[in-house]
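Asks: Sharing a structure here in C-alpha cells format.
The values are calculated or read from the model by the stated rules, or taken from the named source; none is laboratory data. These figures come from a predicted structure and were not determined experimentally. Here the Cβ is made from the backbone with ideal geometry for all residues, glycine too, and neighbour counts use every protein chain on show. Calculation scope for accessible area: heavy atoms of the full protein, side chains included, ligands and nucleic acids excluded. Shrake-Rupley method; radii C 1.70, N 1.55, O 1.52, S 1.80 Å.
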Amino acid sequence: MMSYLNDNLGTGESLVYEAKISRWSLFWYYVLGTVTLVYLGLGLLFFAAAWIKRSSTELGISDKRVIAKFGFIRRDTIELPLSKVESIRVHQTVMGRMFNYGTVIISGAGNPTATIPNIADPMSFRSAVLNTQ
C-alpha cells in the first residue's frame, strides 16, 4: 500500500527524511488501555486508538517541501515549500525531553505557521529541514 507521502510527491521530487509520532506521546492511551482491559475488553479501544493515531500520521521532508498528514477518516495535511520556511521551533515538555519527542513549529513566509505535535526525535526533524534547505 502506498503512503500519502509517496502518493503526493511531484515529478522529480524525492523523500529525504521520514518521521513518526512518538509511542511515548501515546503513553496515556496505553495506561488507560491496560487499566480498562479487564472491563469487557474496553481497553482494546484505547489500544486501537493509539495504533490508529500512530499509523495514520505521516511526516516527511522532500527535497522541495515539508509534508505532514494526520487522521484516518478525517484528514488534515500540511505542505510547506522549503523555500518559504523562515524559522523552526522545537517545544519539548519534561517528559518529551526524557523520551525524545516534542512539537515542531515551522514558520513560513507570509506568516503561515505549521504545528506538528509529538514527533519522535524532533531535533533530527529540525536538522533535516535545515540541511535540506
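Asks: Name the residues in the stretch 93-114 that are open to solvent by 50 Å² or more (accessible area, probe 1.4 Å) and either at pLDDT 95 or above or over 23 Å from Asp63 (Cβ atoms) (or both), would you? Spell out the reasoning first.
Replies: Step one: filter the stretch 93-114 for residues open to solvent by 50 Å² or more (accessible area, probe 1.4 Å), giving 93-95, 97-100, 110-113.
Those that are open to solvent by 50 Å² or more (accessible area, probe 1.4 Å) and either at pLDDT 95 or above or over 23 Å from Asp63 (Cβ atoms) (or both): Thr93, Val94, Met95, Arg97, Met98, Phe99, Asn100, Asn111.
Asks: Mind listing whichever residues of the stretch 12-56 are among the hydroxyl-bearing types (Ser, Thr, Tyr) and either open to solvent by less than 50 Å² (accessible area, probe 1.4 Å) or within 30 Å of Glu79 (Cα to Cα) (or both)?
Replies: The answer is Ser14, Tyr17, Ser22, Ser25, Tyr29, Thr36, Ser55, Ser56.
Asks: Restricting to the stretch 77-117, name every residue that is among the aliphatic types (A, V, I, L, M) and assigned to a helix (DSSP H, G or I).
Replies: If the condition is that a residue be among the aliphatic types (A, V, I, L, M) and assigned to a helix (DSSP H, G or I), then Leu82, Val94, Met95, Met98 are the ones that fit.
Asks: Considering every residue within the stretch 78-94, establish whether at least one is over 17 Å from the mean Cα position of the chain (by Cα) and more than 20 Å from Asn131 (Cα to Cα).
Replies: The answer is yes; a qualifying residue exists.
Asks: I want to confirm something. Restricting to the stretch 62-76 and keeping residues that are without any contact (Cβ under 8 Å) to a residue 12 or more places away in the chain and of a type outside the set (Lys, Arg), which single residue is least open to solvent (accessible area, probe 1.4 Å)?
Replies: Top of the filtered list is Asp76.
Asks: Only one residue in Leu9, Leu59 is surrounded by 13 or more Cβ atoms within 10 Å (Cβ to Cβ) and assigned to a loop (DSSP other than H, G, I, E, B). Which one?
Replies: Within the list Leu9, Leu59, the selection yields Leu9.
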